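Asker: This is the structure I want to talk about, given as structure tokens.
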Amino acid sequence: MTPTVRRTALFLTLAFSAGAASAAQAGPLCDAARAAAPGRPCVESDNGVALAFTQDRAAELLGFAQRGETEFQARFGVAPPRYVVSETGATGREDRAEALRAAGFTVLTPWRLRQAQINAEVGALRTRFEEMGAMNGLSAEQTASAMEGVLARMRERHTPEAMAANEAGTIPRLLGGAWYARAFWPDAAPDPASRHASPGPDWMDEIAGLLMETEAMADDKRGQFADVYAGRHRMAPASDAAKLLDLPAFLSAEHPVKAMTAQAAAGGGAGGPVRITMGGPGGPGGPGGAQSMPAPMLYGFQARMFADYLAERSGDPAVFGRLGLALGEGVAFDAWLAAEGASVNLASSVEALTADWRNWLQGKLGAPAA
């Protein structure tokens with residue numbers, strides 16, 4: 001176990017113990033949830049419930065969600081809408097989803113059993129390596145040898161401590177995006193198939209989730225942003241730094257995951273395995289290579305840093321609630337800046353904000369890669 005994972009695990013144990021007193025195994029929310037999904041162990045907070053296959057696991061999942069509740073209230077100034085975190089089997093689907101929504105749980109986050117997650121990840125990895133090995137003319141032994149190093153790193157992520165550290169940030173992140181959508185667009189019909197389901201701009205959906213992550217996850221994204229910005233990230237060419245600086249493109253773009261999903265549904269994606277080529281030292285697209293970092297990764301790093309920028313420049317960690325209220329009323333971001341930017345120490349136009357964003361980054365990180 002690495003020191004970072006060990007410290008995170010200790011923190012989670014202490015935090016869970018401190019929060020356990022505020023969770024209850026019986027109460028009106030668990031009564032409603034059990035009526036919709038009978039026979040499931042349940043633990044509730046003031047705002048939602050966790051359903052699992054054991055009572056202890058329900059309490060653990062609720063502890064992760066409650067950390068998100070606290071963060072959401074601090075960042076958005078409102079209580080999170082009623083929710084369910086539901087442990088599922090291998091399918092990752094909650095079979096009683098409609099009944100739970102009908103019972104008043106407007107946010108539903110399924111979470112697969114840990115062993116089901118491990119089986120799915122290892123199975124998918126084996127399939128990808130076997131396909132790529134066949135595509136590149138590798139023997140079964142060569143494919144297995146190439147895969148072993150990746151499997152070893154994957155096993156490190158599959159320890160109970162590492163999986164708990166991941167759940168502590170990922171479960172609140174998933175809840176946060178949905179809470180944001182339901183809090184500020186309460187009458188909009190949710191899209192169960194979409195991670196980014198609010199009618200507002202996609203970048204704010206992304207930020208709403210990222211704000212709920214653990215500080216370790218946030219620091220990792222900040223560090224990777226800095227590496228791309230400086231042209232030293234092993235997965236990104238130096239030219240990717242310019243994408244991080246392009247705030248107007250970020251603010252107007254559709255979330256890359258949406259675009260990729262739409263492309264695949266339309267038949268525009270790859271129909272099978274692709275041949276892997278090495279871009280530069282350290283990996284595909286690394287320094288010296290030409291292949292850009294995957295768009296969803298860049299988008300997430302940029303969203304994390306832009307959230308930091310808004311909070312720092314405004315001097316208000318809850319500026320996101322003010323922004324959410326405006327966006328929920330149909331006010332465009334540039335119109336909000338023109339009307340309210342000065343009152344929260346932000347520029348009054350996207351153009352001026354972009355210049356200040358670049359200055360802020362240079363003050364923190366130095367000059368970007370050319």
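Asker: Name the residue, out of Met132, Met154, that is open to solvent by less than 30 Å² (accessible area, probe 1.4 Å) and more than 29 Å from Phe184 (Cβ to Cβ).
Answerer: On the way: Met132 fails: open to solvent by less than 30 Å² (accessible area, probe 1.4 Å).
After applying the criteria, what remains is Met154.
Asker: Taking into account only those residues within region 201-222 that are free of Cβ contacts under 8 Å to residues at least 60 places away in the same chain and open to solvent by less than 30 Å² (accessible area, probe 1.4 Å), which is farthest from the chain's Cα centre (by Cα)?
Answerer: The first filter runs over region 201-222 and keeps only residues free of Cβ contacts under 8 Å to residues at least 60 places away in the same chain, leaving 202, 205, 209, 213, 215, 217, 219-220.
This time we only want the ones that are open to solvent by less than 30 Å² (accessible area, probe 1.4 Å), so: 202, 205, 209, 213.
Values: Asp202: 13, Asp205: 10, Gly209: 5, Glu213: 7 Å.
Top of the filtered list is Asp202.
Asker: Got a number for residues in region 324-345 being open to solvent by less than 40 Å² (accessible area, probe 1.4 Å) and closer than 16 Å to Trp203 by Cα? Even if it seems obvious, please write down each step before you answer.
Answerer: Keep residues of region 324-345 that are open to solvent by less than 40 Å² (accessible area, probe 1.4 Å), which gives 324, 326-328, 333, 336-337, 341, 344.
If we keep only those that are closer than 16 Å to Trp203 by Cα as well, we get 324, 326-328, 333, 336-337.
Residues flagged as open to solvent by less than 40 Å² (accessible area, probe 1.4 Å) and closer than 16 Å to Trp203 by Cα within region 324-345 amount to 7.
Asker: Exactly one condition in (1) within 20 Å of Ala168 (Cβ to Cβ); (2) at pLDDT below 95 is false for Arg128; which is it?
Answerer: (1)
Asker: If I ask for residues that are surrounded by 15 or more Cβ atoms within 10 Å (Cβ to Cβ) and hydrophobic (A, V, I, L, M, F, W, C), which ones from region 346-364 would you list?
Answerer: Of everything in region 346-364, those that are surrounded by 15 or more Cβ atoms within 10 Å (Cβ to Cβ) and hydrophobic (A, V, I, L, M, F, W, C) turn out to be Leu346, Ala347, Val350, Leu353, Trp357, Trp360, Leu361.
Asker: Determine if region 54-75 includes at least one residue that is modelled with pLDDT under 95 and of a type in the set (Phe, Trp, Tyr).
Answerer: no
Asker: I would also like to ask the following. For region 71-114, how many residues meet the condition of being open to solvent by 30 Å² or more (accessible area, probe 1.4 Å) and in a helix (DSSP H, G or I)?
Answerer: Qualifying residue count for the region: 9.
Asker: Being modelled with pLDDT under 95, open to solvent by less than 30 Å² (accessible area, probe 1.4 Å) and in a helix (DSSP H, G or I) is the filter here, so list the residues in region 1-35 that pass it.
Answerer: Answer for region 1-35, where residues must be modelled with pLDDT under 95, open to solvent by less than 30 Å² (accessible area, probe 1.4 Å) and in a helix (DSSP H, G or I): Thr8, Ala9, Leu12, Gly19.
Asker: To continue, here is another question. Looking at region 48-70 only, could you name the residues that are over 18 Å from Ala164 (Cα atoms) and surrounded by fewer than 20 Cβ atoms within 10 Å (Cβ to Cβ)?
Answerer: Residue satisfying the conditions is Thr70 alone.
Asker: Also: Could you list, ordered by first residue, the pairs with Cβ atoms under 7 Å in which the first is in region 156-167 and assigned to a helix (DSSP H, G or I) and the second is at pLDDT 95 or above, at least 6 apart or interchain?
Answerer: What qualifies is Glu167/Phe64.
Asker: Determine, yes or no, whether Ala238 is open to solvent by 10 Å² or more (accessible area, probe 1.4 Å), over 16 Å from Met305 (Cβ atoms) and part of a loop (DSSP other than H, G, I, E, B). Explain how you work it out, then say what you get.
Answerer: Values: open to solvent by 10 Å² or more (accessible area, probe 1.4 Å): yes; over 16 Å from Met305 (Cβ atoms): yes; part of a loop (DSSP other than H, G, I, E, B): yes.
Yes.
Asker: Check every one of the helices (runs of 4 or more DSSP H) wholly within region 265-370 and list those with 2 or more residues that are at pLDDT 95 or above and within 23 Å of Gln224 (Cα to Cα). Don't jump to the end; show me each part of the working.
Answerer: Details: elements: 295-314, 319-328, 333-340, 350-365.
Correct list: 295-314, 350-365.
The values are calculated or read from the model by the stated rules, or taken from the named source; none is laboratory data. Model, not experiment: these values are computed from the prediction. Counting neighbours? That spans all protein chains shown, and the Cβs are built from the backbone with ideal geometry, glycine included. The protein model used for the area step is the full one, side chains on, heavy atoms only, and it has no ligands, DNA or RNA in it. Shrake-Rupley method; radii C 1.70, N 1.55, O 1.52, S 1.80 Å.
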